[in-house]
Amino acid sequence: KYKINDLDEFTIDFHENYEPYFERFENLPDEETPEILGLHKNTLLRKQIDEGNQLINSLSSMEKGSEGNTIQMKLTILEGIKSLIEEKLIKEFNIDEIKKKFPLKYEDCMNSILIQEIMRYNNLLSLVFQSLEDSVKSFMGHLPLTDEIEAMSNEMIQGKTPENWIRASYPSRKPLKSWINDLSNRIKFFQEWIDNGTPIKFWLSAFFFTQSFLTGIKQNYARKYKKSIDRLEFD
């Protein structure tokens, strides 16, 4: 028997000619599970949740349309999102002040990592505030309503995090309101670092580039104890 994977129902017997193989293939189970591809069974749950969310968003969009999906209604929703973001988020970190407080040091890579992360968050915050401002102005008639702005606005009205924000951010599958709250918490983490100095505990997934942080820890250890960084591993 030849096994396609670890599942007993997906085994193939050896035959001298090809006809029995066709018969075997036709009798393989119709329901394909994630384990066939070596994935965890929860992958199917993730897929079903995504499909359910897409269905709910589509129905929500149709319901809004039946109530009279007017420009004014969209503008009211967008202005509410804009108010929430202005309440929860800062527009940017002051890079110049942070660089003065956390200068680059040979013996400590954490300052460099902090600056790099802050710059990435500043780029994301700039995109969020600017694109949301453009959306509101477009629906007020102060800017042309382009296809891109309309698509992004519709995503926000449906409670989805816009695709262009997701592409510019850390990995996240959260809907809009949860995404905003999550971004707010990440900003607070780095603001506390800026205000109080390098923390002794780190929120690992708050980093855009986690590998850089982990490498920085190795580098600090290697320089302090005169070890080769290539010989260091986490235990």
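The values are calculated or read from the model by the stated rules, or taken from the named source; none is laboratory data. The structure presented is a predicted model; accordingly, all values stated were derived computationally and were not measured. Every residue, glycine among them, receives a Cβ derived from its backbone with ideal geometry; neighbour counts consider all protein chains shown. Calculation scope for accessible area: heavy atoms of the full protein, side chains included, ligands and nucleic acids excluded. Shrake-Rupley method; radii C 1.70, N 1.55, O 1.52, S 1.80 Å.
Worth pointing out:
- Checking the stretch 2-14 against the condition returns no match, with no residue being surrounded by fewer than 13 Cβ atoms within 10 Å (Cβ to Cβ), modelled with pLDDT of 80 or more and β-branched (V, I, T).
- Residues in the stretch 209-235 that are charged (D, E, K, R) and either assigned to a helix (DSSP H, G or I) or open to solvent by less than 100 Å² (accessible area, probe 1.4 Å) (or both): 5 in all.
- Filter result for K160 (more than 17 Å from E86 (Cβ to Cβ) and within 11 Å of the chain's Cα centre (by Cα)): no
Per-residue answers, yes or no, for (1) within 30 Å of F213 (Cβ to Cβ); (2) at pLDDT 90 or above:
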| residue | (1), (2) |
| --- | --- |
| E16 | no, no |
| H40 | yes, no |
| L44 | no, no |
| E63 | no, no |
| E67 | no, no |
| E79 | no, yes |
| I95 | yes, yes |
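- Only one entry in N57, N53 is modelled with pLDDT under 85 and open to solvent by less than 60 Å² (accessible area, probe 1.4 Å), namely N57.
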